[in-house]
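A short write-up of the structure that comes next.
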Ligand SMILES: Nc1ncnc2c1ncn2[C@@H]1O[C@H](COP(=O)(O)OP(=O)(O)O)[C@@H](O)[C@H]1O
Ligand SMILES: [Mg+2]
């Protein structure tokens, strides 16, 4: 469902050209869970941002559900991002003045769903991530693990085909990280494809496959579990 072919990304810094991605190809099927590992600066976030339509490649192809994203205009990319892709970040990126429920409703507002329907849908997802009791809490009134659950609920409320996560457990303790990985495993079992960047070898073992990047290239792809 996600096909990446010969992806290249250059950044220009004044006179200098930095190659962040130097020819990456990979394919991810429905329900597959990939972890991307590699040293700082190896291109992990750039790769994830391009897959997530937050950045554009210099060359190469990204195809999601048969559509070539590198050919899309900005409006189409924004729509694809809203409907087909969920994004989770290390620092949660919740809106501080909004309740858990309001944060989760946001993508539904962008998608144009009606107030009553979007509230029900947001409540259902919050229940699914185990936060039924915390729907009216603001992010500052929640623990890190709870905030990440809200962020995951927000990422999956539109039922995306693909979940992208950049160091989702980077700000969490190991017990909470395990809970978040159990949740990812459940989502994968329900057919969502997941691509997660992580530094943590323990966290990476939850994935089906570990892809190691070095200098913008895939060094190896190995099964995480036997
Ligand atoms: N917006 C940008 N402008 C210029 N260089 C960038 C930009 N984003 C990333 N880079 C460079 O691209 C390389 C890969 O960065 P990144 O994808 O953030 O790596 P990682 O997430 O693995 O730490 C690094 O050398 C980084 O400095
Ligand atoms: Mg990064």
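Bear in mind that the values in this text are calculations on the coordinates, not laboratory data. Keep in mind that what you see is a predicted model, and the values were worked out from it rather than measured. When we count neighbours, we look across all protein chains shown, and the Cβ atoms used for this are built from the backbone with ideal geometry, even at glycine.
Taking only Cα atoms, what is the 0 to 90° angle, nearest 10, from helix 144-156's long axis to the longest principal axis of the chain? In the chain, helix 144-156 runs at an angle near 80 degrees to the longest axis. So, in Å, what gap is there between the alpha-carbon centers of the range 36-107 and the range 126-152? If you average the Cα positions of each part, the centres end up 22 Å apart. Given a cut-off of 15 Å, what percent of all Cα-Cα pairs of the range 96-145 lie beyond it? The answer is 41 percent, as a whole percent. Would you mind checking the tilt of helix 74-84 against the longest principal axis of the Cα atoms of the chain, expressed as 0 to 90 degrees and rounded to 10? Relative to the chain, helix 74-84 is tipped by roughly 60 degrees.
Order of 194-200, 124-130 by packing, highest average Cβ count within 10 Å first?
Answer by packing, highest mean first, reads 194-200, 124-130.
Taking 25 °C and 0.890 mPa s as conditions, the chain diffuses translationally at an estimated 137 µm²/s according to Stokes-Einstein applied to its Kirkwood radius (Cα pairs). Given R0 = 22 Å, the distance between the Cβ atoms of residue 67 and residue 190 translates into a calculated FRET efficiency of 0.45. Tilt of helix 100-110 relative to the longest C-alpha principal axis of the chain, in degrees (0 to 90, nearest 10)? Tilt relative to the chain: about 60 degrees.
Please report 154, 67, 149 as a ranked list, fewest other C-beta atoms within 10 angstrom at the top and most at the bottom.
67, 149, 154
Å³ per residue of the Cα convex hull, for the range 1-80?
Value for the range 1-80: 98 Å³ per residue.
Over its Cα atoms, what ratio of radius of gyration to 2.2 N^0.38 Å does the range 98-193 give? Against the empirical 2.2 N^0.38 Å value, I get 1.03 for the range 98-193.
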